[in-house]
Amino acid sequence: MHRLASLALCLAAASANAAVTISYEGFQDTEMILQAYAGGTGSMGSAINNSGVLFSPDFQVGNDSDITANVGYWGDTANEPDGMGTMYVLSPANWGVIDVPAGFTTQWSTSYAAKAQCRIDVWSGPGGTGSLLGWTVINPNAQTSGGDPNGSFNTWKVATIPFAGTAMSVTYNGPSFDVRFDHMDFGLVPAPGAASLALLGGLAALRRKR
Ligand SMILES: [Ca+2]
Ligand SMILES: [Ca+2]
Ligand SMILES: [Ca+2]
């Protein structure tokens, strides 16, 4: 597909400010994600959905080797928070870009299992340009071994970057292989109870009117 045509598809499908969750399921081992979440495919042909999120070639998926029996560093995971597939970075430049052309607001968050430090930045423009809206440093979190039953990336935590304004890209700055990601959220998913709180507020306003 022509790059511009696929970009136009993304823009049409993803409305601004919609929250998107990426779970990294449905890929082949070591497949580059590329446009699999933007109406296109990953490097091995997997098409997931059209959430309007595009990955530079630095981001790949590995499936838990306890399930696939295809043993490699990519499948060395356990206790994954969302299915059996996780994402890692393979980048000679220690750099990767995730673009969201329609933009997202409020916060970015992810689950991670880290053996090394990396930095994540959220930007107002595409490709890591514009204003730096927010950032976080992910530090190694106690990885042991085993879990389901194998996997040396087996302890998961959540990192969150809250920000004001509208973001169009997220960049990764860190080593290859040593940080795994899963259940990545672009935008804020309303917490359970938020709707009922709004309802209570409405009822209170009604009572005051009487
Ligand atoms: Ca597992
Ligand atoms: Ca495992
Ligand atoms: Ca997953």
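The values are calculated or read from the model by the stated rules, or taken from the named source; none is laboratory data. If you're wondering where the values come from, they're calculated on a predicted model, not measured in any experiment. Cβ: placed from backbone, ideal geometry, glycine included. Neighbour counts: every protein chain shown.
Couple of notes before you dig in:
- Filter result for residue 46 (surrounded by 14 or more Cβ atoms within 10 Å (Cβ to Cβ) and in a loop (DSSP other than H, G, I, E, B)): yes
- Selection of first residues in the stretch 64-76 that are under 15 Å from residue 26 (Cα atoms) and touching a residue at least 40 places away in the same chain (Cβ under 8 Å) and of second residues that are within 11 Å of ligand 2 (Cβ to nearest atom) and hydrophobic (A, V, I, L, M, F, W, C), restricted to Cβ pairs under 6 Å at least 6 apart or on distinct chains, gives the following pairs, ordered by first then second residue: 64/84; 65/71.
- Elements of the type strands (runs of 3 or more DSSP E) sitting completely within the stretch 57-124 and holding at least 1 residues that are crowded, with 22+ Cβ neighbours inside 10 Å and within 16 Å of ligand 1 (Cβ to nearest atom): these cover 59-63, 85-89, 95-114.
- Scanning the stretch 23-31 for residues that are closer than 23 Å to residue 161 by Cβ, surrounded by 21 or more Cβ atoms within 10 Å (Cβ to Cβ) and either charged (D, E, K, R) or away from ligand 2 (no atom under 16 Å from the Cβ) (or both) turns up nothing.
- Residue, surrounded by the most Cβ atoms within 10 Å (Cβ to Cβ), within the stretch 156-210, restricted to residues that are modelled with pLDDT of 95 or more and charged (D, E, K, R): 180
- Criterion (closer than 22 Å to residue 157 by Cα, modelled with pLDDT of 95 or more and more than 13 Å from the chain's Cα centre (by Cα)) met by exactly one of 31, 25, 80: 80
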